[in-house]
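What follows is a set of notes on a single structure, which appears directly below.
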Amino acid sequence: MTQEQTLVKTLDFQLNIQSDNESLLYDATVESRWAYNETIRLAKQGVDWDEIPDRVADHADLVKNTTQRVVAKALGAMENYHAYDDFGLPSHTKDGTYPLRANYEEGYNLTLRDDGTVEFRISAKPYKHVNGVLEGDDTHLDILRAALTGDGWTIGTAEALFHNGNPELHINVTNTKQTVREKQDSRTVIGLDVNEDNVALSALSAEGIEDTLVIDFPEIKFERHRYFTMRKRVQNAEKPSIHDTLEGQEERFVRDRLHKVSRHIVDWSRQFEKPCIVFEDLKEMRDSIDYGTRMNRRLHHLPFRALQYYTSYKAAFEGVPTAWIAPEYTSQRCPLCGHMERGNRNKKRFKCRSCGQQDHADRSASVNIAVKGIRKHQEWTVPALNSLPQVRTVRRQASGAVDAPTVTHDTVRGYQTDGVTGVSD
Ligand SMILES: [Zn+2]
């Protein structure tokens, strides 16, 4: 029962429109609403539906292709009214704006500049274009850049519209080459434990633990704390603009680092046979029980969702599925004997009070996440674990993408000295 999924996505952007062209786009969306209403009116008059597109296009001050798409949308709505038998109701028309629907390279165009920004050009009206730069979430920009440069992509229709008074462009992209394997069809399940200053990854197959990696990123924690202090200071000085600037700088810094970490996670995961990356669904726990200080701190101190999101979409681009599990007990359970006790974990050190196993606590958590992932999504069973492989730690340098191996921990001798030294919380 394997069904692969094609990657289709709608990317949302804000339009930073050049000069005074915003009113032109606005007028076009009002014209688009006219075309929509006119289609409904003609259909209700009993005009042959095949004639409607041309009749509306003759009078609409829009690019013909755009008018055709709006008419098609309105006729689609009419079909629904028929289906619900409310065709005779007075009006299905509305006031205001209606999205401009456009085909790529007909109604709109995109250009990737050398500096990574993406320029747009929308044919709002015949021979009248709206130009500018797309702005928006890094992840959406990343995908769009990939679509503009990589093969195997199709850029589809887009809608230009006003959302809360601001112009936006919603672009449909499809990755025709890449499909994402069904998560149930995996041979290696990788548990991802996200913390404030590191992530721990353990790859678990039917044979046992294939490997463990801990990626340290102390500079993210450091910078977040530094910015937090700076923001506090300017907040007290009542300078909201500086406060906002700092927030933007911090966000960009953290997002940039999280992108690199997520790239690392996906690259590492791809070495295993049919991998599936499993996350803890931390959203679920926010409204439920108090999971203790460690969890609360994790929730507030790191943009977990962002890292999980970056990882899952990068994984999808490599055809790697991702999955979610509930976060209960992942840090308290002994990965070897299954014993669960809150006191098992003490900061970065895990010591089982039942079998005496000692380990890097974040690695233990990542193993438990993988175990839960196998139980929830896979048909094969979790192997009995008698020993855990060494933990390899790499550090993402603040200066860039250099990965320097720092320490290798031998779990047989225990983690107690290396693991606890230097842990400030
Ligand atoms: Zn144990």
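A short reminder: the numbers here are calculations on the coordinates, not readings from a lab. These figures come from a predicted structure and were not determined experimentally. Glycine also receives a Cβ, built like all others from the backbone with ideal geometry; neighbour counts cover every protein chain displayed.
Take the Cα of N131, step 7 Å toward its Cβ, do the same at D267, and the gap between the two points is 3.8 nm. Computed as a quarter of the hull surface, the mean projected area of the alpha carbon convex hull for the stretch 5-179 stands at 11.7 nm².
Put simply, the amide H of I209, placed in the peptide plane, has no neighbours under 5 Å, leaving out anything fewer than 5 places away on its chain.
Summing charges over all other residues whose Cβ lies under 15 Å from the Cβ of W380, with Lys and Arg as +1 and Asp and Glu as -1, gives 0.
Compared with the alpha-carbon gap, the fully stretched path from S354 to N109 is longer by 81.8 nm at 0.36 nm per residue. If R0 is taken as 30 Å, the Cβ-Cβ distance between E119 and A72 corresponds to a FRET efficiency of 0.60.
Relative intensity of the stretch 304-357 on a log10 scale, I(q)/I(0) at q = 0.14, 0.17, 0.31 Å⁻¹, equals -0.55, -0.68, -1.14, per a Debye sum over C-alpha point scatterers of equal strength in the absence of solvent. Here, the stretch 93-180 is characterised by an Rg to Rh ratio of 0.99, where Rg is the alpha-carbon radius of gyration and Rh the Kirkwood radius. The length gained by stretching the chain between E182 and E22 to full extension, at 0.36 nm per residue less their Cα-Cα distance, is 53.2 nm. Report, in listed order, any pair from K260/K351; K351/K372; K44/K64; K314/K372; K260/K372 with a Cα-Cα distance greater than 28 Å. Long pairs (Cα-Cα over 28 Å): K260/K351.
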